[in-house]
Amino acid sequence: MNITRMPIALLAMMSASWFNPAFALDLYVDTNTQQIYAAPGDNRVKLGSFEKKEEIDQLKATLKAEIEAELKSKQRTQADKQAPTTKVSNSLDADSTNTDLSDDVAITPAQPKEKKGYTPANLSYGKNGFEFRTDDDKFSLAIQNRVQARFAEPFDGDPRTLADLDKDEKSFMIRRARTKLNGHAYVPWLKYYLQYDWSQPVLRDLNLTVDKYKWAQVRVGRGKVSYNNERITSSGSQQFVNRSIVNDIFTVDRQQGIEVKGNLFPGAWYDMIYYAGAFTGLGVGERNNDDGNIMYSGRLQWNALGGEMKFSQSDIERHEQPALNISVAANSNRSKCTAFETDSRSCRNLTDLITPTKNRYRDPSKAFADGGAKSGQYEISQMMEEVHFKWNGFSFLHELHAKRIKDTLNNDEETKLLGGFVQAGYFPHRQIAFIPENLELAGRYAFVDMDTDRDHDKQTELSAVINYFLEGHFNKLSLQLSRLSVEDPIKLEKDDETRVWAQWDFSF
């Protein structure tokens, strides 16, 4: 029986009962004498049909039993569905009787059965985007997208030669379009992270982190080597539209391998963070090592004031107390690569012309017979020192890099490179009230010396930027003006150019 049709069935059954002579008695009243009769006659008017109370009670009990039996059968077949509590009334409304059938049948559905392998979850939105989390907190997944729309004039890249300064490539572009997935699985301290770039299709990050002990967190997979602040900090959390001219020359970028991070002596004046890792050393474009050599990297950070700061530039948090981190790092690698970039051809070569047509460093994407680099040709060791400071809307970041490249196929010829930058920013609203509270002004100076034993090969950058933070780093507008200069060690000439960047960085 369908529950929704039950009132109709009840009405039909009861109506049939009332019109059945076995249950009804007709009574008449004499209009003259006012006496009651059981048969019709002269001057007699019918009062109505009447039933015995015992028979009605019996009928009511029978119907109730039938309803309950039908409902129990229905619940057994629909036990995995949750339905609202249904209340069925046995009371019947009939003009021909004053009988009150007011007893109700309460129908309470059975609780749904738990499916094996399924766990209830909830959805929320926070700093990591849309987050799914199971009620038992065994699993979580956060999904976040980021779009970086940029206008560049007259070019977008960092110039390394005089010819680069002459480019006329005024462009509107989607500079970055990325999706991030992160969360934990099975236990809260087993974390995963994935990032994919749609504008330059490549799997940028995919790693697992065992984050059970703060003194030893282990990460395995593909990701950024924890070497220097400027590279570790996401492009969405930079103070400037893009990283400085130092980055491409000295970065060790993303690699595939294992890295350990730990916090030692937290809260003490000698509070320290260490990073130590071993990697394949070919970037993210190749699965297998080409020469059997391993890249080793290490970083030691002293949290001198205010504890560990996250890798994010600009003091959007408005630190009420000064925060200061001082770091040193070192990296060694032997491979065919002299530079790295996160794309399908991650292993690259630096640009340093020693003749008008010849580059000092061979292209690792070519075969050795065609002028390309050979496996294990370049032995590289580099070091870095860094200072990071934030307080009351003011931020300061400085890095100094040194890199030595030994060409093992060219009489072990060594080239030493030097580069560094200093940048600072401030939210001036506290000093000048009419300036919007979320507007930041910042400046940066950077330099690169491609060979410290050679003159006339410097590259410099002088930049200024205005940032307006609509929702922190998740939604900000930036306008940057840069003066870029390049020296040519062959022609002994120097030239410069002004570059304009306008950008909207938006995460959701």
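So the values come out like this:
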item: Considering residues of the range 488-508 that are of a type in the set (D, E, K, R) and surrounded by fewer than 20 Cβ atoms within 10 Å (Cβ to Cβ) only, the residue farthest from Gly419 (Cα to Cα); result: Lys491
item: Among the candidates Ser365, Ser346, residue that is modelled with pLDDT under 95, over 15 Å from Glu414 (Cα atoms) and touching a Phe, Trp or Tyr at 6+ places or on another chain (Cβ under 8 Å); result: Ser346
item: Criterion (surrounded by 15 or more Cβ atoms within 10 Å (Cβ to Cβ) and free of Cβ contacts under 8 Å to residues at least 60 places away in the same chain) met by exactly one of Gly221, Gly236; result: Gly221
item: Selected residue [surrounded by fewer than 16 Cβ atoms within 10 Å (Cβ to Cβ) and out of contact with any helix residue (DSSP H, G or I) (no Cβ under 9 Å at 6 or more places or on another chain)] from Ala373, Ala367; result: Ala367
item: Residue within the range 434-441 that is closer than 22 Å to Ser235 by Cβ, under 33 Å from the mean Cα position of the chain (by Cα) and open to solvent by 70 Å² or more (accessible area, probe 1.4 Å) present; result: yes
item: Filter result for Gly267 (surrounded by fewer than 20 Cβ atoms within 10 Å (Cβ to Cβ), in contact with a Leu (Cβ under 6 Å, 6 or more places away or on another chain), farther than 27 Å from Ala402 by Cβ and of a type outside the set (Phe, Trp, Tyr)); result: no
item: Residue among Asn289, Asn228, Asn242, Asn293 that alone is in contact with a helix residue (DSSP H, G or I) (Cβ under 9 Å, 6 or more places away or on another chain) and open to solvent by 20 Å² or more (accessible area, probe 1.4 Å); result: Asn242
item: Output for the range 382-396, where each listed residue is open to solvent by 40 Å² or more (accessible area, probe 1.4 Å) and over 22 Å from Gly425 (Cα atoms); result: Met383
item: Total residues in the range 458-486, condition crowded, with 19+ Cβ neighbours inside 10 Å and either within 19 Å of Pro159 (Cβ to Cβ) or at pLDDT below 95 (or both); result: 8
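The values are calculated or read from the model by the stated rules, or taken from the named source; none is laboratory data. Nothing here was measured: the structure is a model prediction, and the numbers come from that model. Backbone-built Cβ (ideal geometry, glycine too); neighbour counts: all protein chains shown. These area figures cover heavy atoms from the full protein model, side chains too; ligands, DNA and RNA do not enter into them. Shrake-Rupley method; radii C 1.70, N 1.55, O 1.52, S 1.80 Å.
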